[in-house]
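The values are calculated or read from the model by the stated rules, or taken from the named source; none is laboratory data. Just so we're clear, the structure is a prediction, and the values are computed from it rather than from any experiment. Positions of Cβ are backbone-derived with ideal geometry, glycine not excepted, and every protein chain shown enters the neighbour counts.
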Amino acid sequence: MSIKPIRTKKDYKEAMLRVDTLWDAKENSNEEDELDVITTLIEAYEEKNFPISKPNPIDAIKFRMDQLGLTDKDLTAFIGARSKLSEVLSKRRGLSLPMIRKLSHGLKIPAESLIQEYKRSPIKSIYLNSSERGRVTGTAKTNKRLLTHKLKA
């Protein structure tokens, strides 16, 4: 049994080939012991050289929804009103601590996955020029027409 640290890609490939040859080792044999040691070295090398980043919280929620066959409507118990839910899932609103607690407990998503920072989508802003600012204070129908026109422009 010739075991050495895995420091390079070449060492890694050699170790993987050795695992292939030892895979069917008999229980309580020297080959099984060697397999255990080599796989431990491989795991350490892979963790160092091929780190797997954690998903952002919204991706974790969507993945769990998919696993459980849930719809957006099912999440209102954890996040709140559908408008708030829509903002959270589109990354326009961040998760609050109560939301994180409810999601973690209810959907069994690790809290450390939900509290991570993630890039939020900017909220679309409509900038009106000086001549339009005064007109926005009119009726809701007028404001809607003005803003719709501004979005099309």
Item to complete: List the number of the failed condition for Tyr12; all other conditions in (1) touching a Phe, Trp or Tyr at 6+ places or on another chain (Cβ under 7 Å); (2) closer than 23 Å to Ser113 by Cα; (3) hydroxyl-bearing (Ser, Thr, Tyr) hold.
Response: (2)
Worksheet, complete the sentence: Matching residues in segment 95-120 (under 15 Å from the mean Cα position of the chain (by Cα) and either closer than 14 Å to Pro55 by Cβ or not β-branched (Val, Ile, Thr) (or both)) number 17
Discussion item. Being closer than 18 Å to Tyr118 by Cβ, within 21 Å of the chain's Cα centre (by Cα) and touching a residue at least 40 places away in the same chain (Cβ under 8 Å): is that true of Arg92 here?
Written reply: no
Practice prompt. Would you point out the residue of segment 64-89, among those that are free of Cβ contacts under 8 Å to residues at least 24 places away in the same chain and basic (Lys, Arg), that is farthest from Ser121 (Cα to Cα)?
Written response: Lys73
Discussion item. Go through (1) closer than 16 Å to Leu89 by Cβ; (2) at pLDDT 85 or above; (3) among the small types (Gly, Ala, Ser) for Ala111 and report which single condition fails.
Written reply: (1)
Worksheet item: Of the residues in segment 80-118, how many are of a type in the set (S, T, N, Q) and under 13 Å from Asp59 (Cβ atoms)?
Response: 3
